[in-house]
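**Student:** The structure that follows is given in the form of structure tokens.
The values are calculated or read from the model by the stated rules, or taken from the named source; none is laboratory data. Everything numeric here is computed off the predicted structure, so don't read it as measured data. Cβ atoms come from the backbone with ideal geometry, glycine included; neighbour counts cover every protein chain shown.
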Amino acid sequence: MPDINTYINQSRQQGLTDAQIRQNLLSAGWKEEQINDVLGISLSSKPVVSTAKKNTIIALIMLGYLLAGTFFSHSFNSFWDILGYHVTDDQ
């Protein structure tokens, strides 16, 4: 098994909780004291989300709001005019 710190970091990046990591380490033969030293006493049930993933999610949400705002800020006819279609009531 790799170094305990490396294993914990990789497991957190994969979305495992500290409780799951603790159980895996205990099953692999690591001692409770070793695990506590690295993980700490308190257990977190939330997976660690990387900063890059958070930034990507925020950027996509902002892009969605921008596109929705652009669409709804124009009347239906001027939206089609922007695309090069000329909508008229003449038939």
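**Student:** Name the single residue, out of those in segment 48-70 being among the polar types (S, T, N, Q) and in a helix (DSSP H, G or I), that is modelled with the lowest pLDDT.
**Tutor:** Going through segment 48-70, the residues among the polar types (S, T, N, Q) turn out to be 50-51, 55-56, 70.
Remaining after also requiring in a helix (DSSP H, G or I): 51, 55-56, 70.
Working: T51: 84, N55: 90, T56: 92, T70: 74.
Among those residues, the one meeting the criterion is T70.
**Student:** Before we move on, is P2 in contact with a Leu (Cβ under 9 Å, 6 or more places away or on another chain), assigned to a loop (DSSP other than H, G, I, E, B) and modelled with pLDDT under 90?
**Tutor:** no
**Student:** Filter segment 18-42 down to the residues that are modelled with pLDDT under 90, among the β-branched types (V, I, T) and surrounded by 10 or more Cβ atoms within 10 Å (Cβ to Cβ) and list them by number.
**Tutor:** Residues satisfying the conditions are I35, V38.
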